[in-house]
């Protein structure tokens, strides 16, 4: 259960961050300030879930998870799919925030 929280939180957080980064490179930003705030808090949730991972697993598990999922997210958010992931980034960001909150306080 805890490993699932770590992997899901990291994957969705990295997905949100990467989709927003790709869009920002093209000059596309969220028009709604709430979506921008969700994206910012979701980016803060990534180091929070990694730190939580250090407290709950051996030191190498969060590091390997972060590096591995970082390598996976790049091809997932490719040229054909980045717009879809950018459109759902508020949802994936909220789920990331919820997972991180549950991991720390649940």
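Rule-based calculations on the coordinates, nothing more; no lab input. Everything quoted here is computed from the prediction, not taken from an experiment. Quick reminder, even Gly has a Cβ in these numbers, built from the backbone with ideal geometry, and neighbours come from all protein chains shown.
So the values come out like this:
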read-out: Count - residues of segment 18-50 that are surrounded by 13 or more Cβ atoms within 10 Å (Cβ to Cβ) and either in contact with a strand residue (DSSP E or B) (Cβ under 6 Å, 6 or more places away or on another chain) or at positive phi (or both); value: 0
read-out: Residue within segment 56-74 that is in contact with a helix residue (DSSP H, G or I) (Cβ under 8 Å, 6 or more places away or on another chain), crowded, with 18+ Cβ neighbours inside 10 Å and farther than 23 Å from residue 106 by Cα present; value: yes
read-out: Residue that is farthest from the chain's Cα centre (by Cα) [pool: residues in segment 62-106 that are part of a helix (DSSP H, G or I), over 16 Å from residue 16 (Cβ atoms) and without any contact (Cβ under 8 Å) to a residue 24 or more places away in the chain]; value: 105
read-out: Check on residue 41, touching a residue at least 24 places away in the same chain (Cβ under 8 Å), under 28 Å from residue 106 (Cα atoms) and assigned to a helix (DSSP H, G or I); value: yes
